[in-house]
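The values are calculated or read from the model by the stated rules, or taken from the named source; none is laboratory data. Quick caveat: nothing in here was measured; it's all calculated off a predicted structure. Note that we place each Cβ from the backbone using ideal geometry, even for glycine, and neighbour counts take in every protein chain shown.
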């Protein structure tokens, strides 16, 4: 395998799962909501309300993103809170125009 083949294969293997997550509009909106919070965490209910989807829809998307390794759940008492953990997604969302100006619908992180 030559350099170009090796490089493209490596990049496709690395970025393919990330673009699969980003390719779903609900997951992308949830990631953007987490990104706008900066380093904060949010519950499934907070995120669902922020992006205008049902809690069950947000929950299913969050499970998928957790399995993909793009977000991390953190249990606080009886509530699971989620945060963006993949720095590549963080950087990519900046390139898409996602700044850290806090969403007024989410509590400050």
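Annotations
- Failed item in (1) in a helix (DSSP H, G or I); (2) modelled with pLDDT of 90 or more; (3) touching a helix residue (DSSP H, G or I) at 6+ places or on another chain (Cβ under 9 Å); (4) farther than 15 Å from residue 81 by Cβ, with residue 8 passing the rest: (3)
- Among the residues of the range 57-69, those that are at pLDDT 90 or above and either farther than 27 Å from residue 15 by Cα or within 14 Å of the chain's Cα centre (by Cα) (or both) comprise 58, 59, 60, 61, 62, 63, 64, 65, 66, 67.
- Qualifying residue in the range 25-37 (condition: in a helix (DSSP H, G or I) and farther than 24 Å from residue 94 by Cβ): no
- If only residues of the range 86-98 that are exposed (fewer than 15 other Cβ atoms within 10 Å of the Cβ) and under 14 Å from the mean Cα position of the chain (by Cα) are counted, the one that is modelled with the lowest pLDDT is 96.
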